[in-house]
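What follows is a short report on a single structure.
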Ligand SMILES: C[S@@+](CC[C@H](N)C(=O)[O-])C[C@H]1O[C@@H](n2cnc3c(N)ncnc32)[C@H](O)[C@@H]1O
């Protein structure tokens, strides 16, 4: 589901970028056990305006990133933001649940898959997890930061933003789903009384 105008403004501003840079990246790097190996390839689902993609290159150390978003206007913003990194980034408008359509991604293509606050936007969130797991190499990392049902039930979220209303997940439900797709949790934590879950999982099979 696409973001409304308020959420679009909320995710693309200096305060959010500082939060990503100063808190989320160091936390996720710790949970993942450090940056990616030299030469690593990554896919980012729901890249939005592309600041996360930049962090995947510059801070997580990916050599190249395939980044997809359902919203062509977000892909256009990301393309502008990432112009200097164009040789290392492939952008596509498409659905995170079908990375074959977006990038022709075969099973076991990537060393890492990144989900920065996007899976809670997808009605069939389990199929997005299955697809991220499918395209990871054995030993590849799924790095995630998600918004849970606790947050989505808060009056501010319900009033200001548009999200699928049914079948959202708690942090526990999200973490419990990962092993069903061959993803073993390496580290995770929840924030703001269970509103957010961050972590890293390794593709085992
Ligand atoms: C809350 S924003 C997060 C954007 C970016 N990852 C960030 O952290 O700034 C969610 C993004 O997911 C995208 N999105 C929603 N459903 C999607 C889907 N099925 N496949 C790909 N992208 C999707 C939206 O267009 C939006 O850009």
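Taken together, the values in this text are just the output of simple stated rules run on the coordinates, not laboratory data. Owing to the predicted nature of the structure, the values given are computational and were not obtained by experimental measurement. Glycine also receives a Cβ, built like all others from the backbone with ideal geometry; neighbour counts cover every protein chain displayed.
Tabulated data for the structure shown
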{"quantity": "Within the stretch 22-51, considering residues that are in contact with a helix residue (DSSP H, G or I) (Cβ under 7 Å, 6 or more places away or on another chain) and part of a helix (DSSP H, G or I), the one farthest from the ligand (Cβ to nearest atom)", "calculated": "25"}
{"quantity": "Within the stretch 95-112, tally of residues that are within 13 Å of the ligand (Cβ to nearest atom), assigned to a loop (DSSP other than H, G, I, E, B) and either more than 25 Å from residue 19 (Cα to Cα) or out of contact with any strand residue (DSSP E or B) (no Cβ under 8 Å at 6 or more places or on another chain) (or both)", "calculated": "3"}
{"quantity": "Selection status of residue 66, in a loop (DSSP other than H, G, I, E, B), under 13 Å from the mean Cα position of the chain (by Cα) and within 15 Å of the ligand (Cβ to nearest atom)", "calculated": "no"}
{"quantity": "Test: residue in the stretch 81-94 that is within 13 Å of the ligand (Cβ to nearest atom) and either out of contact with any helix residue (DSSP H, G or I) (no Cβ under 9 Å at 6 or more places or on another chain) or under 20 Å from residue 202 (Cα atoms) (or both)", "calculated": "no"}
{"quantity": "In the stretch 69-91, the residues that are surrounded by 15 or more Cβ atoms within 10 Å (Cβ to Cβ) and outside any helix (DSSP H, G or I)", "calculated": "69, 70, 71, 82, 89, 91"}
{"quantity": "Hits in the stretch 162-183 (condition: crowded, with 18+ Cβ neighbours inside 10 Å, touching a residue at least 40 places away in the same chain (Cβ under 8 Å) and over 12 Å from residue 120 (Cα atoms))", "calculated": "178, 181, 183"}
{"quantity": "Strands (runs of 3 or more DSSP E) enclosed by the stretch 113-205 - at least 2 residues per element that are within 14 Å of the ligand (Cβ to nearest atom)", "calculated": "136-147, 196-203"}
{"quantity": "Flag if residue 158 is without any contact (Cβ under 8 Å) to a residue 40 or more places away in the chain and more than 21 Å from residue 68 (Cα to Cα)", "calculated": "yes"}
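Quick grid of which residues meet (1) without any contact (Cβ under 8 Å) to a residue 24 or more places away in the chain; (2) under 21 Å from residue 54 (Cβ atoms):
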{"residue": "113", "(1), (2)": "no, yes"}
{"residue": "120", "(1), (2)": "no, no"}
{"residue": "127", "(1), (2)": "no, no"}
{"residue": "185", "(1), (2)": "yes, no"}
{"residue": "194", "(1), (2)": "no, no"}
